[in-house]
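Notes to accompany the following structure.
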Amino acid sequence: MEAHNNLVDPSGNAVQSLWEWAKTNNCYLEPLEIRLNEDGFRAVYAKRDIQEEEKIGSIPGKLVISQETARTALPQYSDLPGHVLLKVYLIHERLRGVDSFWQPYISVLPKTFSTPLWFNTEEYAVLKGTNLEFAAEEYKQKIDQEFDLVRKTLNGSTVNEHLITREMYYWATTVVSSRAFSSKLDPNATDEEDQQIMLPLLDMLNHKLRQPITWSNHEGQVSFVCNRKVAAGEEVFNNYGAKSNEELLQGYGFCIENNEVDYFALKINFRATSTVDLKELLLKRFGLTDFKHFLRRDGEIPENLAKQIRVLAMNRYELTLGQNLAAENMEFLNYRNEIAMLQMYRQLLAQRLHVLNTAVQQSSDPEEPSYAYTAGKIYRDGQLEILQLNFTQVSAKLCQVLSNATKDTVGQTDLVASLQHFLGTVITMEKVVSDREFFEVITNNIDGLDEETILALFIIRCSTNVDGRWYASLAKYQDFHDPNYSNDLFETSAGGLDPEAQEDLLNLQEMYDALFPYMTSTNPDLFPANIYTWEKFRWAASIVDSLSVTIQTPDGAVLAIVPT
């Protein structure tokens with residue numbers, strides 16, 4: 001699907017007049033001709049063989065339409081923003097008809113377009129569930145505000161403002177968005193700020209990715225040079241750059257099927273948590289403050305996105321360590337954090353997939369879809385494909401990390417099987433329940449114990465059972481120290497006590513006092529006093545808090561202690 005041009009017979013008077021006007025004004029277009037392509041749209045073709053590095057077209061500076069052109073012609077409206085004034089000038093010249101110097105150019109411009117700004121209800125429905133569903137509406141509101149400003153500015157002027165309709169302003173807006181170039185090409189430019197300019201005739205080439213073409217501004221001329229050979233009769237393309245279908249649809253009104261540079265724009269948001277301020281500070285220190293990312297067809301997680309989610313997935317222990325981390329350490333912190341990051345990212349993709357899949361399932365194509373609808377559908381289907389590719393890729397990555405975390409040499413490729421295998425090799429409530437004697441004493445003697453406390457008690461038990469399954473792995477953590485569980489109640493950099501850490505530690509002390517010595521007196525063999533000390537309980541609680549992650553499975557969430 002290529003750029004949508006106006007369906008005008010190229011042998012008609014409008015194109016003939018444009019060609020004559022161009023020659024009269026010293027344009028060079030000798031190797032080119034305009035005719036309809038196989039899709040019925042106007043396109044530019046090679047009239048003869050074009051050599052590599054040959055100039056294929058040029059226009060003099062006097063044919064460049066810029067904001068300065070508009071300001072000079074309409075000084076009474078110079079208070080309008082430059083990009084708005086450029087649109088007003090195009091409308092002004094269109095209304096002048098044959099009296100306008102630019103009439104041959106304006107007469108061949110499309111009168112309607114297929115960008116979302118022009119979508120009807122049926123066409124707009126195809127955007128449901130995509131980023132453009134709301135972005136297109138926001139853009140339309142912005143253009144409507146510009147139009148209201150224009151009408152207010154023109155009120156009482158000599159211009160027949162009633163002729164400048166909203167549709168006319170949409171027309172000028174889309175002419176600029178679909179055909180404008182950078183003012184760096186303007187031979188007349190005096191302002192260093194990059195602005196939009198119009199290049200009549202040169203803007204008629206359709207887009208093709210990686211088309212080797214050079215734009216230049218030299219000796220008062222704007223020229224296009226083709227950097228490859230083009231055979232006679234072959235279409236001559238411009239290259240708008242590596243643009244996604246979202247950009248192409250919004251600005252130009254067309255999309256490319258299987259666009260290799262397409263992307264899904266993803267923006268992450270903070271959840272309000274007690275540690276959000278610390279995470280924001282860490283992200284700023286690492287320069288990770290741009291939260292908009294672009295997911296590509298290769299399925300790779302953007303590097304900065306992965307780093308940001310690693311910070312968002314940090315628990316208090318990791319945040320404490322993070323204050324001394326360098327940016328390069330954000331490639332990988334530990335298995336607990338990496339699993340949490342990948343699950344968080346996977347869940348984010350799953351949510352977006354659900355929204356888009358639901359929209360697709362609830363939609364139905366019209367019997368005779370318009371060009372705009374078809375373009376919108378190509379965009380939507382591409383977004384769905386990119387999301388699915390990235391979801392599949394992160395699922396595979398999660399399988400790999402779960403295998404690495406448990407030193408699994410087999411390596412599962414199915415995520416459900418991988419989760420089951422992983423949970424079978426780490427400490428979870430299922431392991432507590434399987435220790436029947438311990439679990440029955442816990443549940444029969446104390447009502448309402450939370451899962452974290454039960455796991456802490458179980459870790460103490462396992463850490464002293466030399467013949468037990470978990471003794472060797474827990475032995476590695478005998479010297480584990482989380483500052484948040486220090487007897488000093490974790491002093492902040494400001495020099496005072498961290499209220500949250502202090503409260504948590506006091507609550508932990510209250511829990512310990514509620515359990516002991518009661519559990520020791522009623523079950524001395526299971527809970528010996530020399531083993532279930534306050535220091536040991538605090539240590540085990542810090543293990544649970546610092547090394548645990550919630551694993552999302554098809555059957556629900558499971559809290560697991562992950563080895564580092």
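No lab work stands behind these numbers, since they all come straight from the coordinates. In this text, all values refer to a predicted model and were calculated from it rather than measured experimentally. As a convention, Cβ positions derive from the backbone with ideal geometry for all residues, glycine included, and neighbour counts pool all protein chains shown.
A compact table of results
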{"read-out": "For region 236-369, the fraction of alpha-carbon pairs in successive 10 Å shells from zero, as %", "value": "10, 32, 28, 18, 9, 2, 0"}
{"read-out": "Whole-Å semi-axes of region 426-561's equivalent ellipsoid (Cα gyration tensor)", "value": "24, 19, 15"}
{"read-out": "Most positive-pole-ward Cα, Asn238, Ala265, Asn227, against dipole of region 212-267 from beta carbon charges", "value": "Asn227"}
{"read-out": "Protection-proxy order for peptides 507-519, 107-119, each taking the mean of Cβ atoms within 10 Å per residue, highest first", "value": "107-119, 507-519"}
{"read-out": "Reachable lysines, given that their alpha-carbon falls under 23 Å from the alpha-carbon of Lys536 and they are not under 8 places away in the same chain", "value": "Lys431, Lys476"}
{"read-out": "Label-point separation, Ser364 to Lys111 (7 Å along Cα→Cβ), nm", "value": "3.4 nm"}
{"read-out": "Förster radius 30 Å - calculated FRET efficiency between Ser473 and Thr413, Cβ distance, rounded to 0.05", "value": "0.70"}
{"read-out": "Simple spin-label estimate for Glu437 and Ala242 in nanometres, 7 Å along Cα-Cβ", "value": "6.4 nm"}
{"read-out": "Mean shadow area of region 308-413, taken as a quarter of the surface of its Cα convex hull (nm²)", "value": "9.6 nm²"}
{"read-out": "Cα pair distances in region 13-252, grouped into 10 Å bins until the bin that holds the longest one, percent each", "value": "7, 29, 36, 22, 6, 0"}
{"read-out": "Protection proxy ranking of 248-256, 120-128, 332-340 - average other beta-carbon atoms within 10 Å, highest first", "value": "248-256, 332-340, 120-128"}
{"read-out": "Dipole magnitude (debye, nearest 20) for the chain, charges at Cβ of Lys, Arg, Asp, Glu", "value": "1260 debye"}
{"read-out": "Distance violations [Cα-Cα > 30 Å] among Lys111/Lys142; Lys152/Lys377; Lys140/Lys292; Lys111/Lys377; Lys243/Lys267; Lys23/Lys208", "value": "Lys152/Lys377"}
{"read-out": "Simple label model, 7 Å out from Cα along Cβ direction - Asp555 to Glu385, nm", "value": "3.8 nm"}
{"read-out": "Among Gln16, Ala70, Pro104 the positive-end extreme of the charge dipole of region 13-252 (Cβ point charges)", "value": "Gln16"}
{"read-out": "Reference-scaled alpha-carbon Rg (2.2 N^0.38 Å with N residues) for region 71-150", "value": "1.36"}
{"read-out": "Principal axes of the chain: Cα extent on each, largest first, Å", "value": "105, 51, 46"}
{"read-out": "Cα pair distances in region 34-109, grouped into 10 Å bins until the bin that holds the longest one, percent each", "value": "15, 33, 29, 19, 4"}
{"read-out": "Efficiency of FRET from Cβ geometry, Asn523 and Glu52, R₀ 60 Å, rounded to 0.05", "value": "0.10"}
{"read-out": "Rg/Rg_ref, region 420-490, where Rg_ref = 2.2 N^0.38 Å and atoms are Cα", "value": "1.24"}
{"read-out": "Counted charge near Asn258, where neighbours are those whose Cβ lies closer than 12 Å (Asp, Glu -1; Lys, Arg +1)", "value": "-4"}
{"read-out": "Zone residues, region 42-56, relative to Arg228, backbone N less than 13 Å from point 7 Å out along Cα-to-Cβ", "value": "52-53"}
{"read-out": "Spin-label proximity, Glu510 to region 441-470 - amide N less than 19 Å from point 7 Å beyond Cα toward beta carbon", "value": "446-454"}
{"read-out": "Cα convex hull volume per residue for region 169-327 (Å³)", "value": "208 Å³"}
